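Okay, so here's the structure we're looking at.
The values are calculated or read from the model by the stated rules, or taken from the named source; none is laboratory data. The structure displayed is predicted, hence computed values, not measured ones. Because the Cβ atoms are built from the backbone with ideal geometry, glycine has one as well, and the counts that use them run over all protein chains shown.
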Amino acid sequence: MKKTKNKKDQAPQKPILTISKLHKRYNEGKPNEVHALQGVELTVRKGDMMAIMGSSGCGKTTLLNMIGHLDRRSSGEIIIDGVDTSTLSDGQMTAFRRDNIGFIFQLFNLFPFLTAVEDVETPLLLRGINSGLAREQAKMMLRELGMGDRLYHLPTELSGGQQQRVAVARALINQPAIILGDEPTGDLDSTTSSDIMDLFRRINKTNQQTLVLVTHNRWIAEKCDYIVHMTDGKISRIEDNPLAKEEKKR
């Protein structure tokens with residue numbers, strides 16, 4: 001018997017990220033010019049979990065930095081949650097990035113002098129949220145990620161996996177439109193990497209949170225719904241991953 005899909009199943013997912021004709025050149029106009037991104041076109045839908053793969057120097061981290069606006073594009077269009085970011089001033093872009101983009105890095109990038117809860121509440125304080133409310137929200141987020149017994153520990157008192165959970169909590173605290181991860185498991189052992197990927201998948205599934213992860217690890221990429229393959233600054237192909245999508249439905 002053919003299964004009938006309900007209206008919710010049939011509704012198309014809204015694009016959370018649209019990239020058109022994106023170019024990035026370093027040392028532009030000079031003899032040593034490097035054309036790092038060459039006309040990249042990419043659409044990521046709300047709730048997608050996507051991996052970007054490719055050999056060293058292919059442009060994958062450059063692409064992630066462009067999406068996160070950690071670096072300026074040479075030309076092209078980047079639309080995040082319906083906002084054309086080229087229309088924003090520097091001040092507006094700083095606020096937009098703070099409120100709409102979460103970052104998770106390989107080396108965690110935690111403040112060495114802040115406890116876990118202090119680190120996680122920082123984005124809220126920067127938004128002007130009341131300190132008491134910010135502290136309670138940070139505690140709640142850390143507890144949800146299994147860090148309730150490590151609220152007042154410094155990074156040096158935490159394992160690599162625990163530090164990454166703090167980094168994930170900090171990335172999530174503002175409920176951003178999209179979370180970007182640059183080799184987020186690259187500094188972790190295989191068991192801890194598996195735990196962190198399970199955490200990413202749970203966040204993606206439960207919250208319909210969009211994640212874009214750069215990785216060189218095929219096993220990590222196969223946990224994602226799609227794998228974007230890059231070669232010489234271009235997207236060479238996009239690989240659909242039906243097994244990951246099926247697992248997400250369970």
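If you go through region 118-133 one residue at a time, do you hit one that is under 27 Å from Lys46 (Cβ atoms), in a loop (DSSP other than H, G, I, E, B) and of a type in the set (A, V, I, L, M, F, W, C)?
For region 118-133, residues under 27 Å from Lys46 (Cβ atoms), in a loop (DSSP other than H, G, I, E, B) and of a type in the set (A, V, I, L, M, F, W, C): present.
In region 23-59, which residues are closer than 19 Å to Ile227 by Cβ and either part of a loop (DSSP other than H, G, I, E, B) or of a type in the set (Asp, Glu) (or both)? Outline the logic, then answer.
From region 23-59, those closer than 19 Å to Ile227 by Cβ are 37, 40-59; that's our starting set.
Selection gives Glu41, Lys46, Gly47, Asp48, Gly54, Ser55, Ser56, Gly57, Cys58, Gly59.
Would you confirm whether or not region 234-245 contains a residue that is within 20 Å of Ile80 (Cα to Cα), buried (at least 19 other Cβ atoms within 10 Å of the Cβ) and in contact (Cβ under 8 Å) with a residue 24 or more places away in the chain?
yes
Return yes when Leu107 is modelled with pLDDT under 95 and among the aliphatic types (A, V, I, L, M) and no when it is not.
yes
In region 50-89, which residue that is of a type in the set (S, T, N, Q) and over 15 Å from Val214 (Cα atoms) is surrounded by the most Cβ atoms within 10 Å (Cβ to Cβ)? Break it down stepwise before answering.
Going residue by residue through region 50-89, those that are of a type in the set (S, T, N, Q) are 55-56, 61-62, 65, 74-75, 85-87, 89.
Okay, now just the ones that are also over 15 Å from Val214 (Cα atoms), so 74-75, 85-87, 89.
On the way: Ser74: 14, Ser75: 12, Thr85: 19, Ser86: 12, Thr87: 8, Ser89: 8.
Among them, the one singled out is Thr85.
Of the conditions (1) touching a strand residue (DSSP E or B) at 6+ places or on another chain (Cβ under 6 Å); (2) free of Cβ contacts under 8 Å to residues at least 60 places away in the same chain, Pro155 satisfies every one except a single condition; which number is it?
If we test Pro155 against (1) touching a strand residue (DSSP E or B) at 6+ places or on another chain (Cβ under 6 Å); (2) free of Cβ contacts under 8 Å to residues at least 60 places away in the same chain, just (1) comes out false.
I'm trying to understand the selection: among the residues of region 194-221, which are surrounded by fewer than 21 Cβ atoms within 10 Å (Cβ to Cβ) and without any contact (Cβ under 8 Å) to a residue 60 or more places away in the chain? Walk me through how you get there before you give the answer.
Narrowing region 194-221 to residues surrounded by fewer than 21 Cβ atoms within 10 Å (Cβ to Cβ): 194-195, 198-199, 201-203, 205-208, 216-219.
Residues satisfying the conditions are Ser194, Asp195, Asp198, Leu199, Arg202, Ile203, Lys205, Thr206, Asn207, Asn217, Trp219.
So that you can scan it fast, the table gives a plain yes or no per residue for (1) closer than 26 Å to Thr185 by Cβ; (2) in a helix (DSSP H, G or I):
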| position | (1), (2) |
| --- | --- |
| Leu70 | yes, no |
| Ser86 | no, yes |
| Arg97 | yes, yes |
| Glu136 | no, yes |
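Has region 180-199 got at least one residue that is in a helix (DSSP H, G or I), among the small types (Gly, Ala, Ser) and in contact with a strand residue (DSSP E or B) (Cβ under 6 Å, 6 or more places away or on another chain)?
First, the residues of region 180-199 that are in a helix (DSSP H, G or I): 190-199.
Now drop any that are not among the small types (Gly, Ala, Ser), which leaves 190, 193-194.
Still in the list and also in contact with a strand residue (DSSP E or B) (Cβ under 6 Å, 6 or more places away or on another chain): none.
Scanning region 180-199, I find no residue that is in a helix (DSSP H, G or I), among the small types (Gly, Ala, Ser) and in contact with a strand residue (DSSP E or B) (Cβ under 6 Å, 6 or more places away or on another chain), so the answer is no.
Failed condition for Leu63, given (1) modelled with pLDDT under 95; (2) under 24 Å from Glu239 (Cα atoms); (3) not basic (Lys, Arg), with all others met?
Here Leu63 meets the rest and fails (1).
Matching residues to (1) in contact with a Gly (Cβ under 9 Å, 6 or more places away or on another chain); (2) within 24 Å of Pro123 (Cβ to Cβ):
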position	(1), (2)
Glu183	no, yes
Ile227	no, no
Gly233	yes, no
Leu243	no, no
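Quick one: would you say Val228 is surrounded by 16 or more Cβ atoms within 10 Å (Cβ to Cβ), at pLDDT 90 or above and in contact with a Pro (Cβ under 9 Å, 6 or more places away or on another chain)? Reasoning before the result, please.
Values: surrounded by 16 or more Cβ atoms within 10 Å (Cβ to Cβ): yes; at pLDDT 90 or above: yes; in contact with a Pro (Cβ under 9 Å, 6 or more places away or on another chain): no.
In short, no.
Can you spot a residue in region 60-67 that is under 19 Å from the mean Cα position of the chain (by Cα), in a helix (DSSP H, G or I) and of a type in the set (Lys, Arg)? Step through it out loud before you land on a result.
Residues of region 60-67 under 19 Å from the mean Cα position of the chain (by Cα): 60-67.
From what is left, the residues that are in a helix (DSSP H, G or I) are 60-67.
Now drop any that are not of a type in the set (Lys, Arg), which leaves 60.
Yes, some residue in region 60-67 is under 19 Å from the mean Cα position of the chain (by Cα), in a helix (DSSP H, G or I) and of a type in the set (Lys, Arg).
Here are some conditions: (1) within 16 Å of Val168 (Cα to Cα); (2) at pLDDT 95 or above. Tyr152 meets all but one. Which one does it not meet?
Tyr152 satisfies every listed condition except (1).
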